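Here the structure comes first, spelled out in structure tokens, and everything after it is commentary.
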Amino acid sequence: MFEKVLILRRGEAATRVARTCRRLGVESIVVAPKDTPASRHIEAADRSIEVDFEEADAIPTEQLPAILEQAGADAAHLGYQGQPEMFELASAAEKADVAVVGTDLDVLGALTDPATIRVAADRAHVRTVHEAADSSKPREICVLVAADSHGETTAIAECDRSLSSAEHTLIHETPSPELLFRSDGEAFRMALFESARRLAGELRYAGLLEVKFHVDPSGLAWVSDVKIGLPRHHTLIEMVTRVDLVALQLRIASGEPIPEELESLEPRGHALDASILALDQQDAVVSSYSVAPAPQGRVRATSSATVGLPLPADDRPLIAKLTTYAPIRHRALLSMDRMLAEMRAEPFSTNVEALRRILSDYAFRAGQYDSESALRFAIG
């Protein structure tokens, strides 16, 4: 296991990684603007490196070599998957001979070309979206896979991300209602898991990766995309599996094999994850932020909102993510609605009311939705 981890993100991702590092006895180091009050991720970390840049801006990439040298870390964690600065961050860390957690430059570069996924899918005997004659109104189901440097892969769980708007998925849930309510749901899940594992094996990546499938109304599935790294919506997977995915990332990146217990993992219960977005004033100073008290293990509220500071550039327009868990879907849904009703984040206008309209929609409650449903649910 690593001794020191430099977290090359700010905001909620840095807070999340720092907390796991502390539990594992690994020193965590974050980057902070000079002469600014301590935000959540600074308080969560063991040490911070002050750099001359504005709180509202991203970490200046031209200062990365000096930051890496000052940190003296043996690993750098790049936060969540899909961040636009991944190439620059990973490249700077590799040049400094620092292990990179959360991505691989070669695989990341290859995945920017859809042809790479098609070639790997062909070798794995998995269909891709370009082969589909009609992919209208698909369900979007992602399978999270862990792969280690010893050639082993295992599928952890799936989540449904069909309710997307622009660049953000409004609500994730696991297990997917598509699999929960169909008669052959478990067999279909196993088929998706096996396809995801085979594709992951062909990509030769060690870490966490998500394989996204389009499932058409007839029930056929095609791979549409692959993302490497820690998903921002990882909390709902953790709640149904009780697996610390950040710890798993760190162990795999340090050369350890996938734990044996992960092979026999059986997710339990149901979890939903909602993204609370600022619809305006994204660079405003947070004047208040609060969520209702909730039972431990049943609700997780993750946010980088710090009263007296603007939202970090790494997170905007995301204010917070709420995740609720219960033994059955309906209870998790009711718990989410209650948490949204009592949440406060000022001075922002948010999408909370739109999220509550989705939760109250009969079709959503019946699990009958697809990738074109988000706008209709939100309008009501």
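The values are calculated or read from the model by the stated rules, or taken from the named source; none is laboratory data. Treat the numbers as computed from the prediction; the structure is a model and nothing was measured. All Cβ positions, glycine included, derive from the backbone under ideal geometry; neighbour counts span all protein chains shown.
Hey, among 341, 354, 326, which residue is surrounded by 13 or more Cβ atoms within 10 Å (Cβ to Cβ) and under 17 Å from residue 300 (Cα atoms)?
Sole residue among the options that is surrounded by 13 or more Cβ atoms within 10 Å (Cβ to Cβ) and under 17 Å from residue 300 (Cα atoms): 326.
So, in the range 171-183, of the ones that are surrounded by fewer than 17 Cβ atoms within 10 Å (Cβ to Cβ) and without any contact (Cβ under 8 Å) to a residue 40 or more places away in the chain, which residue ends up nearest to residue 368 (Cα to Cα)?
So the residue we want is 182.
Can you tell me which residue in the range 357-380 is nearest to the chain's Cα centre (by Cα), limited to those that are among the aliphatic types (A, V, I, L, M) and farther than 17 Å from residue 301 by Cβ?
Among those residues, the one meeting the criterion is 374.
Please work out which residue is nearest to residue 88 (Cα to Cα), limiting yourself to the range 48-61 and to residues that are exposed (fewer than 13 other Cβ atoms within 10 Å of the Cβ) and within 27 Å of the chain's Cα centre (by Cα).
57
Testing residue 137 on (1) closer than 30 Å to residue 336 by Cβ; (2) at pLDDT 90 or above, one condition comes back false. Which one is that?
Here residue 137 clears every test but (2).
Residues that are farther than 17 Å from residue 79 by Cβ and acidic (Asp, Glu): which strands (runs of 3 or more DSSP E) entirely in the range 2-64 hold 1 or more of them?
Strands (runs of 3 or more DSSP E) meeting the threshold: 27-33, 47-51.
Name the pairs: first residue in the range 9-29 and assigned by TED's automatic domain parsing to the domain that holds residue 51 and under 21 Å from residue 322 (Cβ atoms), second residue among the basic types (Lys, Arg) and buried (at least 24 other Cβ atoms within 10 Å of the Cβ), Cβ to Cβ under 9 Å, at least 6 apart or on different chains?
Pairs that qualify, where the first residue is assigned by TED's automatic domain parsing to the domain that holds residue 51 and under 21 Å from residue 322 (Cβ atoms) and the partner is among the basic types (Lys, Arg) and buried (at least 24 other Cβ atoms within 10 Å of the Cβ), are 17/9.
Only one of (1) farther than 28 Å from residue 10 by Cα; (2) modelled with pLDDT under 90; (3) within 24 Å of the chain's Cα centre (by Cα) fails for residue 151. Which number is that?
The failed condition is (2).
One line per residue, one yes/no per condition, for (1) basic (Lys, Arg); (2) surrounded by 21 or more Cβ atoms within 10 Å (Cβ to Cβ); (3) within 14 Å of the chain's Cα centre (by Cα):
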residue: 142; (1), (2), (3): no, yes, yes
residue: 145; (1), (2), (3): no, yes, yes
residue: 161; (1), (2), (3): yes, yes, yes
residue: 169; (1), (2), (3): no, yes, yes
residue: 185; (1), (2), (3): no, no, no
residue: 192; (1), (2), (3): no, yes, no
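Just checking, does the range 118-130 include any residue being in contact (Cβ under 8 Å) with a residue 24 or more places away in the chain, basic (Lys, Arg), surrounded by 21 or more Cβ atoms within 10 Å (Cβ to Cβ) and assigned by TED's automatic domain parsing to the domain that holds residue 374?
Among the residues of the range 118-130, not one is in contact (Cβ under 8 Å) with a residue 24 or more places away in the chain, basic (Lys, Arg), surrounded by 21 or more Cβ atoms within 10 Å (Cβ to Cβ) and assigned by TED's automatic domain parsing to the domain that holds residue 374, which makes the answer no.
Could you please find all residues in the range 232-253 being part of a loop (DSSP other than H, G, I, E, B) and buried (at least 16 other Cβ atoms within 10 Å of the Cβ)?
232, 233, 243, 244
Here are some residues: 69, 54. Which one is of a type outside the set (Lys, Arg) and modelled with pLDDT under 90?
One residue alone meets the criteria, 54.
Yes or no: the range 35-44 includes at least one residue that is surrounded by fewer than 15 Cβ atoms within 10 Å (Cβ to Cβ), β-branched (Val, Ile, Thr) and over 24 Å from the mean Cα position of the chain (by Cα).
yes
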